[in-house]
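The values are calculated or read from the model by the stated rules, or taken from the named source; none is laboratory data. For clarity, every value in this text was computed on a predicted model and none was experimentally measured. Note that we place each Cβ from the backbone using ideal geometry, even for glycine, and neighbour counts take in every protein chain shown. The area values use the complete protein model at the heavy-atom level, side chains included, leaving out ligands, DNA and RNA. Shrake-Rupley method; radii C 1.70, N 1.55, O 1.52, S 1.80 Å.
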Amino acid sequence: MQNQNYRVVLDTNEVVGAGTGWLDRGVPVPDGNPHRRVLIRVAESHTGLYCGKIVGEYLEKLVDLGHPKERALKMITYLMGAFTQVAIVSPAAPVRPADLDDEVFLLCAIDGNADYLVSEDKHLTDIKGSYTKPVIGSSGELASIFGV
């Protein structure tokens, strides 16, 4: 199963949780950060998916949380270079999260034909039983599927 290529959407909490310091200093070995391990594995071995609104949210959260400007831009460049852009065409998700700001991640996953949506967000994990594709789960739940 680990040799398979999956289509994956990462929620903002996964990108923020990965941090940005490793972009300058390198990935620590061993790496105890499951968010970073999943992000890097998706970027290197799978098909990560994003849309303009998601990239905007990634950048906004990195800046708001005080990541240095250069590293925040480096992270966005890394993700946009490694991931594939999806055009959102669906007007709404079949089952919408309680926080409608999270719906864009579902729409990106649906319109991008994603296999997985990785999120720690309760509004998304609360509805994971409503979806068979994409499978919604946390980085800890899904890491082994991605070969981490």
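Give the Kirkwood hydrodynamic radius (Å, one decimal) of region 1-122, defined as one over the mean of 1/r across all pairs of different Cα atoms.
Roughly 14.8 Å, rounded to one decimal.
Take Thr77 and Asp101, extend 7 Å from each Cα along the Cα→Cβ direction, and tell me the distance between the two endpoints in nm.
The two pseudo-label positions are separated by 2.8 nm.
For Lys53 and Asp31 in the same chain, what is the full-extension length gain: residue separation times 0.36 nm, less their Cα-Cα distance, in nm? Working shown, then result.
On the way: separation 22, 0.36 × 22 = 7.92 nm, distance 2.94 nm.
My answer for the length gained is 5.0 nm.
Relative to the Cα centre, what is the charge dipole magnitude of region 42-148, using +1 at the beta carbon of each Lys and Arg, -1 at the beta carbon of each Asp and Glu, and rounding to the nearest 20 debye?
200 debye
Within the accessible area of the chain, what % is carbon and sulfur when the probe is 1.4 Å and the other protein chains stay in place? It would help to have the intermediate numbers written out before the result.
On the way: 3690 of 7210 Å².
About 51 percent, which is the carbon plus sulfur part of the accessible surface.
Quote the FRET efficiency, to the nearest 0.05, computed for Val63 versus Lys133 with a Förster distance R0 of 41 Å and r equal to the Cβ-Cβ distance.
Approximately 0.80, to the nearest 0.05.
What 222 nm value per residue comes from the helices of the chain, counting each DSSP H run with n ≥ 4 as -39,500 (n - 2.57) and dividing by all residues, nearest 500 deg cm²/dmol? Intermediate values should be presented prior to the final figure.
Numbers: 8 runs with 67 residues, N = 148.
It comes out at -12500 deg cm²/dmol, rounded to the nearest 500.
For the Cα atoms of the chain, what angle does the longest principal axis make with the long axis of helix 34-45, in degrees from 0 to 90, nearest 10?
In the chain, helix 34-45 runs at an angle near 80 degrees to the longest axis.
Using a probe radius of 1.4 Å on heavy atoms only, what accessible surface per residue do you get for the chain? Whole Å² is fine.
Normalised by residue count, the accessible surface of the chain is 49 Å².
What spacing in nm lies between the two simple spin-label points modelled at Ala87 and Glu70, each 7 Å away from Cα in the Cβ direction?
Each label point is offset 7 Å from its Cα along the Cβ direction, giving 3.8 nm.
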